[in-house]
């Protein structure tokens, strides 16, 4: 039996599909935001500013997750606003109820 030996060594470059690149970009952005949150948690004293920063960063992270993994980023603007406006009002309602309840000064 003759053995077949390939003497040419060609390297194949792996090309990732665009969806994979978008997912990795989203992962890196979320990773950076999470690292910043950890730094703030361990460096900054506990006060209302730290809570506000965490709330803002959480909202940014939620938008990235919903936009990329739930594909809302590619929807029509009317649908995005139909989801976004009630979320803003619910956040305002929760803040008002906490403030009026005396837990937030």
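Bear in mind that the values in this text are calculations on the coordinates, not laboratory data. Source: prediction; values computed, not measured.
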Between 0 and 90°, nearest 10: helix 18-43 axis offset from the chain longest Cα axis: 40
Label selected from (i) 21.1, 75; (ii) 23.4, 88; (iii) 12.7, 36, the criterion being Rg and Dmax of the Cα atoms in Å as computed here: (ii)
Cα long-axis angle, helix 77-100 against the chain (0 to 90 degrees, to the nearest 10): 40
